[in-house]
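A quick write-up on the structure given underneath.
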Amino acid sequence: PPQPSENKRVSEDGGEQAKEGGGWSEWGGTSEKGVQFCSVRKLATLEGILDVTLDPDTAHPNLILSEDRKCVRRGDTHQGLPNNPERFDYSACVLGAQRFMGGRRYWEVEVGDKTRWALGVCRESLNRRGQVTLTPEDGYWTVRLRSGEYRALTFPSVPLPVSFRPSPVGIFLDYEGGEVSFYNVTDRSHLFAFTDTFSRTLHPYFHPGLSAGGKNAAPLIICPVPDQAGGN
């Protein structure tokens, strides 16, 4: 696998926090892990395509969710929402309402021309207060786009070679198999696979990123997955 240039941890807002000591999170890569894209879509059709919706009780107060709970974008104002324990109070993210405790699931998220975002899965039993760090050891299995660079947020993070802008991004979870894979639906390529052992409840994770003066104001959109049962 490619070697990291720096030994840093990545925080949710795209900044990086230094951490003493070394350490290289296990990287599944594309040769050892990662089902072919067409097979993942067929598998999703056979096992039941996951209809992901956003959980408003987890959404940071600056996030605006659509009525159908399929879209999320960063707003300009802090909404007066209940300070319930499920809600992220610092990290401007939102979780999917669906809970994963087993099985294989696949969903797709339209990122369009956004310049910043992070997507993946995370543990339900997370501290929702204060700044979070997006690494597997902290309960997050995610990839992000920031400053024109795609990275898998291992520790240290790993740059991803992307030839075509992924839009949408496909996310595949194999709970028992210990895999979270990401796909570029644009060119049907496999981007990255995390390997781990899951024993706790997981949720889809969405971070639309700062609006950047309107340049990144577009929403993340959970989009329907085409029926692939009879095709490629």
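The values are calculated or read from the model by the stated rules, or taken from the named source; none is laboratory data. These numbers come from a predicted model, not from an experiment. Every residue, glycine as well, gets a Cβ built from its backbone with ideal geometry; the counts of neighbours run over all protein chains shown.
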Exercise. Check Glu32, Glu6, Glu67 and return the single one that is more than 24 Å from Gly130 (Cα to Cα), loosely packed, with under 12 Cβ neighbours inside 10 Å, at pLDDT 85 or above and out of contact with any strand residue (DSSP E or B) (no Cβ under 6 Å at 6 or more places or on another chain).
Key: Glu67
Exercise. Quick one: count up the residues across segment 152-190 that are basic (Lys, Arg) and touching a Gly at 6+ places or on another chain (Cβ under 6 Å).
Key: 0
Quiz prompt | Filter result (in contact with a Ser or Thr (Cβ under 9 Å, 6 or more places away or on another chain), among the hydrophobic types (A, V, I, L, M, F, W, C) and under 25 Å from Glu124 (Cα atoms)) within segment 183-209 | solution = Leu191, Phe192, Ala193, Phe194
Exercise. Select from segment 100-112 the residues that are modelled with pLDDT under 95 and in a loop (DSSP other than H, G, I, E, B) and list them in ascending order.
Key: Gly102, Gly103
Practice problem: Would you be able to tell me the number of residues in segment 192-215 that are surrounded by fewer than 20 Cβ atoms within 10 Å (Cβ to Cβ), touching a residue at least 40 places away in the same chain (Cβ under 8 Å) and closer than 24 Å to Asp113 by Cα? | Solution: 4
Quiz item: Considering only residues of segment 90-111 that are surrounded by 13 or more Cβ atoms within 10 Å (Cβ to Cβ) and among the charged types (D, E, K, R), which is nearest to Phe182 (Cα to Cα)?
Solution: Glu108
Quiz item: Which one is nearest to the chain's Cα centre (by Cα) among residues in segment 195-222 that are assigned to a strand (DSSP E or B) and farther than 18 Å from Met101 by Cβ?
Solution: Phe206
Quiz item: In segment 185-224, what residues are at pLDDT 95 or above, polar (S, T, N, Q) and in contact with a strand residue (DSSP E or B) (Cβ under 9 Å, 6 or more places away or on another chain)?
Solution: Thr195, Thr201, Asn216
Quiz prompt | Residue count, segment 112-132 (criterion: surrounded by 16 or more Cβ atoms within 10 Å (Cβ to Cβ), in contact (Cβ under 8 Å) with a residue 24 or more places away in the chain and farther than 18 Å from Arg146 by Cα) | solution = 4
